[in-house]
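The values are calculated or read from the model by the stated rules, or taken from the named source; none is laboratory data. No experiment lies behind these values; they were computed from the predicted model shown. When we count neighbours, we look across all protein chains shown, and the Cβ atoms used for this are built from the backbone with ideal geometry, even at glycine.
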Amino acid sequence: MIDFTQFEVITFDCYGTLIDWESGILSAMRPMLEERGVDLSDDELLEMYSQFESESQKGKYVSYKKNLQTVVLKFAMKYDFIPLPAEGDAISDSIKNWLPFDDTVDALKTLKEHYKLAIISNIDDDLFEATAKHLDVEFDWVITAQQVQAYKPSIRNFTFAFDKMGISAGKILHVAQSLYHDIAPAKSLGLNTVWVNRREGMTGTGATPHQDVKPDLEIGDLNELVWTMDL
């Protein structure tokens, strides 16, 4: 059982954890695929996205906008079409419209009364600025892939956060949906971890790759975290 009194900061992944990115991805990608007669189930589209995104984030760092352009191109190459210029930016342009899960904002406001809050996200600074308006909570720190010049699951994103916050790993609780991007690297650094299993009861792994790792706590949503912490 986690001793929640030891923590000063709760760090969050953003997209997939706080923001419903799978709905956003589907809304951005489905029109261009259907226009070309490509008929994929939600699970098939999301798992293909997961593969393409993780592949494109390996190697030399490029911005998330460029990363998402590469994802679109990988879909285009697989299904033999040439995306229109606007379609290349379809995913990144849609991020400003991606909304929080229903439990996100109220839970963040409650947690903010007791802890400092931080974001550690695979995103560009300007893209997160648009998202922040939906979250309606002032985070004490925001650490992006653009700042680190690397993408999770690299541990650099976490060690950069430690340095920026000036807080040791033992006083940080990391909360995230992706076992691959977040829970595994966070646990390797000694962080206590909470897995928000947003796909509980659903088939497939969605927009994140599978990873065999055991979090310290599994929850279905952030309301459950607030309840578990007795706040």
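State all residues of segment 90-136 that are under 27 Å from ILE155 (Cα atoms) and β-branched (Val, Ile, Thr); if no residue qualifies, say none.
Within segment 90-136, ILE91, ILE95, THR104, ILE119, ILE120, ILE123, THR131 meet the criteria.
For the condition more than 27 Å from ASN223 (Cα to Cα), assigned to a loop (DSSP other than H, G, I, E, B) and at pLDDT 95 or above, what is the one hit in ASP102, ASP93, ASP80?
Values: ASP102 fails: more than 27 Å from ASN223 (Cα to Cα); ASP93 fails: assigned to a loop (DSSP other than H, G, I, E, B).
That would be ASP80, the only listed residue that is more than 27 Å from ASN223 (Cα to Cα), assigned to a loop (DSSP other than H, G, I, E, B) and at pLDDT 95 or above.
Between residues in segment 30-51 that are under 18 Å from MET77 (Cβ atoms) and part of a helix (DSSP H, G or I) and residues that are hydroxyl-bearing (Ser, Thr, Tyr) and modelled with pLDDT of 95 or more, which pairs lie under 8 Å by C-beta distance while being six or more apart or on different chains?
As it stands, the answer is LEU33/TYR79; SER50/THR208, since those pairs meet every condition given.
If LYS60 passes every condition in (1) within 18 Å of SER23 (Cα to Cα); (2) at pLDDT below 95 but one, which one does it miss?
Result: LYS60 passes all but (1).
Can you tell me which residue within segment 124-170, out of those that are assigned to a loop (DSSP other than H, G, I, E, B) and among the hydrophobic types (A, V, I, L, M, F, W, C), is surrounded by the fewest Cβ atoms within 10 Å (Cβ to Cβ)?
Among those that are assigned to a loop (DSSP other than H, G, I, E, B) and among the hydrophobic types (A, V, I, L, M, F, W, C), it is ILE155.
Of all residues in segment 216-231, how many are closer than 15 Å to PHE4 by Cα and either modelled with pLDDT under 95 or part of a loop (DSSP other than H, G, I, E, B) (or both)?
The total comes to 4.
Can you find a residue that is in the same structural domain as LEU127 (by TED's automatic domain parsing), of a type in the set (Gly, Ala, Ser) and not in a loop (DSSP other than H, G, I, E, B) anywhere in segment 190-205? Break it down stepwise before answering.
Step one: of segment 190-205, the residues in the same structural domain as LEU127 (by TED's automatic domain parsing) are 190-205.
Still in the list and also of a type in the set (Gly, Ala, Ser): 190, 201, 204.
Still in the running and not in a loop (DSSP other than H, G, I, E, B): none.
Checked segment 190-205: no residue is in the same structural domain as LEU127 (by TED's automatic domain parsing), of a type in the set (Gly, Ala, Ser) and not in a loop (DSSP other than H, G, I, E, B).
Condition check: of a type in the set (Asp, Glu), at pLDDT 95 or above, assigned by TED's automatic domain parsing to the domain that holds TYR151 and more than 22 Å from GLN177 (Cβ to Cβ). Does GLU8 satisfy that?
yes
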